[in-house]
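Asker: Sharing a structure here in structure tokens format.
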Amino acid sequence: MSRPRKVFYDLISALCYYFFKIISIFFRFRFLMIETSAIGHMTTPIEVHYLEKKRIKETKKYFDIYFGERDIANHYLWNKWKKILKIKFDDDFSKILLKAVFLYALKKKDHSMLIPFRHHSGFLDDKKADNIYEWQHHDIYDLINKNEPIIKLNSKEVSEGYKILNRLNIQERDEVILLCVRDAAWRHRFKKNNAKRITIRDNDISDFKELVTYLCEKNYKVIRMGKIVEKKLDFQHNNFIDLPFTNKRTDFLDIFLFNICTFVISTGTGVENIGDLFRKKRIWLNFADFEVYNKKISTSLIYPKEVLYKENNSILSLIEIFENNLHRIDNVYEYEQNKFQFKSISPEKMINSVKEMEDFIKNGYSKESSKKNKMMNDLLSKKFNTKYFYNWSEEYLNLQNDLNTN
């Protein structure tokens, strides 16, 4: 945005803010913009917020005004949230006006004008310290696991969903596994801000070919999810659907598939969070956003990407990842400055970890896995003062010499 336009926008924002501020003295208006342009931001954060708001009984009565952005990542889900949150202002003019009020209130840190919400650090970072910041995505009170889903599909929607799946060779009795692989397509939509650079969060779908083959041969129906992806998986099987490259993908089908799937395999990307709405378990494979290890996460198993020292090509252990403070970097481009490189784990490691996930879905964590994870988490807590419990794949923990010597 050019400086004259920014000055003008700031002026309009201030005028809108003070106008509503005066009215708010009598009617107690509060505002919250829901980040509807990204699917991950309009799933878990909204449900966690809704449950936290029910948990806290406010003594004062407010008129809470929710609104979205002009871009909507999933219109079907947005219509569900509009009913639940009683959203009345959903036209472009209202969104522009309310956004101006909301952003200026954030800038002023005027919490009396803000619906209680642990805002993303990109919006409000006054509570952020030492890169250990939890925003609304992180379920710090474990409310999702303690409450029934808010988003529900009625019998008509379920019936319609299975009609669509029948045309994709999927029957109601089939076990469906969803594959969510983030690639560079999301950022490549933009023409600036490092748009053409690959981040550590991105993956090559071809690295998952052997895993998909294994699952298909076990007669799972494997569906690759995504709305904006770069390339198709070079693999054909009656049990595999590369959904972004079919004419069957719809906003409704994206939600329905997470509702009926057995579990989710993800690299750590926004679309996986639809599964939270239906309490679906997930495994992270090739996950590299280590900054999340500071926070309250709810992922059943993790096998991260391999991190290598560029100077000698040796693989960092989990303890070394923490020792090098890779868990405190919240900018995906800072890794380049630290002289590390990332490599996909082998197909064998992926398959073995997913076998562990299959067993977990049926029987829960094994005693050996629970024992090793406790040992690792206790070690991390002692060395680095971590406060959350993570569940790494036993396949990954077996390679940790630090664990084997303790």
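Asker: Give me the pairs: first residue in region 157-184 and farther than 29 Å from Asn203 by Cα, second residue in a loop (DSSP other than H, G, I, E, B) and open to solvent by less than 40 Å² (accessible area, probe 1.4 Å), beta-carbon distance under 8 Å, and six or more apart or on different chains, which are they?
Answerer: That search, which allows pairs on different chains as well, returns Gly161/Leu153.
Asker: Any residue that is of a type outside the set (Phe, Trp, Tyr), under 20 Å from Asp251 (Cβ atoms) and at pLDDT 90 or above - is there at least one of those in region 100-108?
Answerer: Pass one, region 100-108, residues of a type outside the set (Phe, Trp, Tyr): 100-101, 103, 105-108.
Remaining after also requiring under 20 Å from Asp251 (Cβ atoms): none.
No.
Asker: Hey, Glu172 hits all of (1) modelled with pLDDT of 90 or more; (2) of a type outside the set (Gly, Ala, Ser); (3) open to solvent by 50 Å² or more (accessible area, probe 1.4 Å); (4) closer than 27 Å to Met350 by Cβ but one; which does it fall short on?
Answerer: Glu172 satisfies every listed condition except (4).
Asker: On the given criteria, is Tyr141 modelled with pLDDT under 95 and not charged (D, E, K, R)?
Answerer: Details: modelled with pLDDT under 95: yes; not charged (D, E, K, R): yes.
Yes, satisfied.
Asker: Also, I was wondering about something else. Just to check your reading of the model, which residue among Ala100, Ala73 is hydrophobic (A, V, I, L, M, F, W, C), open to solvent by less than 30 Å² (accessible area, probe 1.4 Å) and over 24 Å from the mean Cα position of the chain (by Cα)? It would help to see each step written out before you state the result.
Answerer: Numbers: Ala73 fails: over 24 Å from the mean Cα position of the chain (by Cα).
Answer to the selection: Ala100.
Asker: Follow-up question, since we're still on this one. Among residues belonging to region 121-138 that are open to solvent by less than 50 Å² (accessible area, probe 1.4 Å) and more than 18 Å from Lys387 (Cβ to Cβ), point out the one that is modelled with the highest pLDDT.
Answerer: As a first pass, look at region 121-138 and keep what is open to solvent by less than 50 Å² (accessible area, probe 1.4 Å): 121, 124, 131, 133-138.
Filter once more, so that each one left must be more than 18 Å from Lys387 (Cβ to Cβ): 121, 124, 136.
Numbers: Ser121: 47, Leu124: 47, Gln136: 89.
This residue is Gln136.
Asker: Mind listing whichever residues of region 20-43 are assigned to a loop (DSSP other than H, G, I, E, B), open to solvent by less than 30 Å² (accessible area, probe 1.4 Å) and either of a type in the set (A, V, I, L, M) or on the phi > 0 side of the Ramachandran plot (or both)? Write out each step before concluding.
Answerer: The first filter runs over region 20-43 and keeps only residues assigned to a loop (DSSP other than H, G, I, E, B), leaving 28, 35-38, 43.
Filter once more, keeping what is open to solvent by less than 30 Å² (accessible area, probe 1.4 Å): 36, 38, 43.
Passing the criteria: only Ala38.
Asker: Further question on the same structure: So, Leu153, is that one farther than 24 Å from Ile12 by Cα, open to solvent by less than 40 Å² (accessible area, probe 1.4 Å), part of a loop (DSSP other than H, G, I, E, B) and at pLDDT 95 or above or not? Break it down stepwise before answering.
Answerer: Numbers: farther than 24 Å from Ile12 by Cα: yes; open to solvent by less than 40 Å² (accessible area, probe 1.4 Å): yes; part of a loop (DSSP other than H, G, I, E, B): yes; at pLDDT 95 or above: yes.
Criteria met by Leu153.
Asker: Would you be able to say whether some residue in region 51-58 is surrounded by 21 or more Cβ atoms within 10 Å (Cβ to Cβ) and closer than 21 Å to Ile274 by Cβ? Please lay out each step first, then the result.
Answerer: At the first step, the residues of region 51-58 found to be surrounded by 21 or more Cβ atoms within 10 Å (Cβ to Cβ) are none.
No.
Asker: Considering only residues that are open to solvent by 30 Å² or more (accessible area, probe 1.4 Å) and on the phi > 0 side of the Ramachandran plot, look in region 285-343 and name the one that is modelled with the lowest pLDDT.
Answerer: Lys339
Asker: Check Ser346 against each of (1) surrounded by fewer than 19 Cβ atoms within 10 Å (Cβ to Cβ); (2) under 24 Å from Asp276 (Cα atoms) and name the one condition it does not meet.
Answerer: (2)
The values are calculated or read from the model by the stated rules, or taken from the named source; none is laboratory data. All values derive from a computational prediction rather than experimental measurement. Heads up, the Cβs are rebuilt from the backbone with ideal geometry, glycines too, and the neighbour counts pull from every protein chain shown. For accessibility, only protein heavy atoms count, side chains too; no ligands or nucleic acids. Shrake-Rupley method; radii C 1.70, N 1.55, O 1.52, S 1.80 Å.
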